[in-house]
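The block underneath contains the structure these notes are about, expressed in structure tokens.
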Amino acid sequence: MKAPAGALLPPLRGPEADAGSKRAHLYRRIRSAILGGSLAAGTRLPSTRTLALDLGVSRTTAEDAFAQLVLEGFVERRVGDGTYVSSAIRPPRIDPRAPPPGVALSARGAAIAALPTHLDIVKVRPFRGSQPDTRAFPVRTWQRLISRRLARRATRMLDYGDSQGYRPLREAIAGYLASARGVRCTADHVIVLSSSQQALELTARLLLDPGDTVWMEDPGYPGALAALHCAGATVVPVPVDAAGLDVEAGRRAAPRARLAYVTPSHQYPLGAMLSLQRRLALLDWASRAGAVVVEDDYDSEYTYENRPTAAIQGLDDAGRVVYVGTFTKVLYPSIRLAYAIVPGGLVDAYVRARRMVDGHPPVLIQAVTADFIEEGHFGAHLRSTRTLYAERRAALIDAVRAELAGEGTLGPAGAGLHAVVHLERRSDVAVARRALALGVDVRPLSAFHHGPAPASGLVLGDAALDVRDIRDGVRTLARAVASAGSDRR
């Protein structure tokens, strides 16, 4: 009796083999082994009978996998002799994980690849990010609106859309911003985007040349800093104090800057509000310097002590402000809808650039969001979540006072989805590391500075947490602070 011959293959194991087709899995594994060089040209493969016995699959499964490999030229069958890896296969010359020879990243690509990343997680835990509570979103209302839209105009909702955005949504956004934020615009100034980050990327791409100087809040939003760096801009850090961006410091450092990025309603991450005096000074500087102000109004809907302050854009008579807002904080993160309010002379350029990126957001989601706003659900959701988050912010204030007395003080806490605890004697990096080991996820304030951090602190997102989770989280954070030592370095 002739002994079985041919290369040995390891058994099919793991969730991939269980979840999908065993034939497809076997095919992919043999193909990968051939392309990777572990099965060289001319290697004899076992018969389908032997393969089926070795791997615990049916002979039909093995035969189907071989047939596909023969069809694609990876293996060849020799009558009366067996099945072999095709003689046309050549071993790989380079590590498949290494960059192709002679191919290098562009300067922009290298800048992107060098950016620090902060992994997003699905599970919400204290005190991760500036996240809304998705449990508070009216899912049934949203589901009803989607069903109604599909029932009425299913085909239209599935077609390509306007790169500037679904017009009824643009009209709804313009109406909302006029009444709630004092923004002066029409639907023709609104561009619907997939995220506020996309708005920053497009703005940097359209308005900046490599080497242009830009004012950036220090500390500030890392996503904005990334967009500016990737555009090749020279970023000038401008300090922030209790009145927001120090406009005079910016004037002294870079009087002829091309652009200034600000978060005036709720400075990210410190929470300060830009004073009226500085708002006017910023607009005056922009007009004289021929610069643009990018106003990122990322979570101004949530104020707990006073009415929201009107946007800078509403004070602008010279067309110097690009206003950016998002629905990811007020509705739910995966909606991937945001918007930019652009001066009239720039709208066409933004729309063309937006078309080149990804065309437009899903028409159905835009239409449902327009319905959500126009029928009053948006206002109702804002009122209910504002009350909910205010209760949680009060719990955070009380917990910090009780658990971190003498160790940390809370910064401005009257607005937004996060607040900052300023540490007295501890290294925020060390505390954050110890807290993470205890199951509490906080970001060190020093991570938001462009250079050496003048102060130590922790950024705490509280909106998505129940009051009990907030109290327990601060209690755990106090343990991390106490065990971190007193070295501020």
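The values are calculated or read from the model by the stated rules, or taken from the named source; none is laboratory data. Treat the numbers as computed from the prediction; the structure is a model and nothing was measured. Every residue, glycine as well, gets a Cβ built from its backbone with ideal geometry; the counts of neighbours run over all protein chains shown.
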Open item on the list: Quick check on the range 341-351. Is at least one of its residues outside the structural domain of residue 299 (by TED's automatic domain parsing), in a helix (DSSP H, G or I) and of a type in the set (Gly, Ala, Ser)?
Closed with: no
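Take the conditions aliphatic (A, V, I, L, M), more than 21 Å from the chain's Cα centre (by Cα) and either surrounded by 13 or more Cβ atoms within 10 Å (Cβ to Cβ) or modelled with pLDDT under 85 (or both) and apply them to residue 121. Does it pass?
no
For (1) touching a helix residue (DSSP H, G or I) at 6+ places or on another chain (Cβ under 9 Å); (2) among the small types (Gly, Ala, Ser); (3) under 21 Å from residue 454 (Cβ atoms); (4) touching a residue at least 24 places away in the same chain (Cβ under 8 Å), each residue gets a yes or a no:
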{"residue": "235", "(1), (2), (3), (4)": "yes, no, yes, yes"}
{"residue": "245", "(1), (2), (3), (4)": "yes, no, yes, yes"}
{"residue": "249", "(1), (2), (3), (4)": "no, yes, yes, no"}
{"residue": "252", "(1), (2), (3), (4)": "no, no, yes, no"}
{"residue": "256", "(1), (2), (3), (4)": "yes, no, no, yes"}
{"residue": "262", "(1), (2), (3), (4)": "yes, no, yes, yes"}
{"residue": "269", "(1), (2), (3), (4)": "yes, no, yes, yes"}
{"residue": "278", "(1), (2), (3), (4)": "yes, no, yes, yes"}
{"residue": "282", "(1), (2), (3), (4)": "yes, no, no, yes"}
Task: Matching option when the condition is in contact with a His (Cβ under 8 Å, 6 or more places away or on another chain) and either in contact (Cβ under 8 Å) with a residue 12 or more places away in the chain or on the phi > 0 side of the Ramachandran plot (or both), among 463, 482 - done: 463
Open item on the list: surrounded by fewer than 20 Cβ atoms within 10 Å (Cβ to Cβ) and in the same structural domain as residue 193 (by TED's automatic domain parsing): which single residue out of 257, 253, 291 fits that description?
Closed with: 253
Task: From the options 417, 423, 404, 438, residue that is over 24 Å from residue 329 (Cβ atoms), outside the structural domain of residue 327 (by TED's automatic domain parsing) and in contact with a Lys or Arg (Cβ under 7 Å, 6 or more places away or on another chain) - done: 438
Open item on the list: From the list 411, 416, 451, exactly one residue is out of contact with any Phe, Trp or Tyr (no Cβ under 8 Å at 6 or more places or on another chain) and either surrounded by 22 or more Cβ atoms within 10 Å (Cβ to Cβ) or within 27 Å of residue 300 (Cα to Cα) (or both). Which is it?
Closed with: 411
- [ ] Give the residue, chosen from 264, 269, 237, that is buried (at least 17 other Cβ atoms within 10 Å of the Cβ), outside any loop (DSSP other than H, G, I, E, B) and either out of contact with any Lys or Arg (no Cβ under 8 Å at 6 or more places or on another chain) or in the same structural domain as residue 328 (by TED's automatic domain parsing) (or both).
- [x] 237
Open item on the list: Given the condition assigned to a loop (DSSP other than H, G, I, E, B) and at pLDDT below 95, answer yes or no: does some residue in the range 163-174 qualify?
Closed with: no
Task: Those residues of the range 338-349 which are surrounded by fewer than 22 Cβ atoms within 10 Å (Cβ to Cβ) and in contact with a Leu (Cβ under 8 Å, 6 or more places away or on another chain), in sequence order - done: 346, 349
- [ ] Just name the residue that is nearest to residue 327 (Cα to Cα) out of those in the range 376-395 that are part of a helix (DSSP H, G or I) and of a type in the set (Gly, Ala, Ser).
- [x] 379
Open item on the list: Cβ-Cβ under 7 Å, sequence separation 6+ or interchain: first residue in the range 104-118 and within 15 Å of residue 224 (Cα to Cα) and at pLDDT below 75, partner surrounded by 11 or more Cβ atoms within 10 Å (Cβ to Cβ) and of a type in the set (Gly, Ala, Ser). Which pairs?
Closed with: 115/226
Open item on the list: Checking residue 330 against (1) out of contact with any helix residue (DSSP H, G or I) (no Cβ under 7 Å at 6 or more places or on another chain); (2) buried (at least 16 other Cβ atoms within 10 Å of the Cβ): exactly one of these is not met. Which one?
Closed with: (1)
Open item on the list: Can you report the number of residues in the range 438-460 which are within 27 Å of residue 239 (Cβ to Cβ), in contact (Cβ under 8 Å) with a residue 24 or more places away in the chain and assigned to a loop (DSSP other than H, G, I, E, B)?
Closed with: 7
Task: Sole residue being surrounded by fewer than 24 Cβ atoms within 10 Å (Cβ to Cβ) and modelled with pLDDT of 95 or more, chosen from 242, 224 - done: 242
TODO: Return the only residue of 188, 209 being in contact (Cβ under 8 Å) with a residue 12 or more places away in the chain, part of a loop (DSSP other than H, G, I, E, B) and surrounded by fewer than 21 Cβ atoms within 10 Å (Cβ to Cβ).
DONE: 209
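One line per residue, one yes/no per condition, for (1) closer than 28 Å to residue 417 by Cα; (2) touching a residue at least 60 places away in the same chain (Cβ under 8 Å):
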{"residue": "156", "(1), (2)": "no, yes"}
{"residue": "178", "(1), (2)": "yes, no"}
{"residue": "192", "(1), (2)": "yes, yes"}
{"residue": "228", "(1), (2)": "yes, no"}
Open item on the list: I need the full set of residues from the range 415-437 which are assigned to a loop (DSSP other than H, G, I, E, B) and within 25 Å of the chain's Cα centre (by Cα), in order please.
Closed with: 416, 417
